[in-house]
1. Of the listed values (i) 15.4; (ii) 12.7; (iii) 16.3, grab the one calculated as Kirkwood radius over Cα pairs in Å from the structure here.
2. Taking only DSSP H segments of four or more residues, each worth -39500 (n - 2.57), what value at 222 nm results for the chain once the sum is divided by all its residues, to the nearest 500 deg cm²/dmol?
3. Collect residues whose amide H, placed 1.01 Å from N in the peptide plane, falls under 5 Å from the amide H of residue 32; neighbours closer than 5 in sequence don't count.
4. In nm, what is the difference between 0.36 nm times the number of residues separating residue 24 and residue 56 and their Cα-Cα distance?
5. Quick one: angle between helix 69-84 and the longest Cα principal axis of the chain, in degrees between 0 and 90, rounded to 10, please.
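Every number here is computed from the coordinates shown, using simple stated rules; none is lab data. Because the structure is predicted, anything quoted here is derived from the model rather than measured.
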Amino acid sequence: MSDAERIRETVRESVNRITGIPTTDINDDSSFRDDLGLDSLSALEVMVDVEYAFKIKVGEERLQAIQTVRDTITVVQEYLAAAKN
């Protein structure tokens, strides 16, 4: 499993834990607000869960820019790449 696939699965599982939405109904283009119906608090809970899973801390301004599952995957990849350097 590639890093992107592992991150994708972790994000889907986090959304599922917080909302109960089946992981099969969550895709990369799913908007947290429009497609998945998350309010800002639920979206923050998902991000905290993802941060914990990958042992990263995403800055406030980056958090505000995250709108979709794909955005989340991208941010996690960037933080993990930066941690390796």
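1. Given (i) 15.4; (ii) 12.7; (iii) 16.3, the structure-derived one carries the label (ii).
2. On the way: 4 runs with 54 residues, N = 85.
Helices in the chain give a 222 nm mean residue ellipticity of -20500 deg cm²/dmol.
3. For residue 32, whose amide H was placed from the backbone, the distant partners under 5 Å are 68, 69.
4. Working: separation 32, 0.36 × 32 = 11.52 nm, distance 2.57 nm.
Contour length minus the Cα-Cα distance gives 8.9 nm.
5. The answer is roughly 20 degrees.
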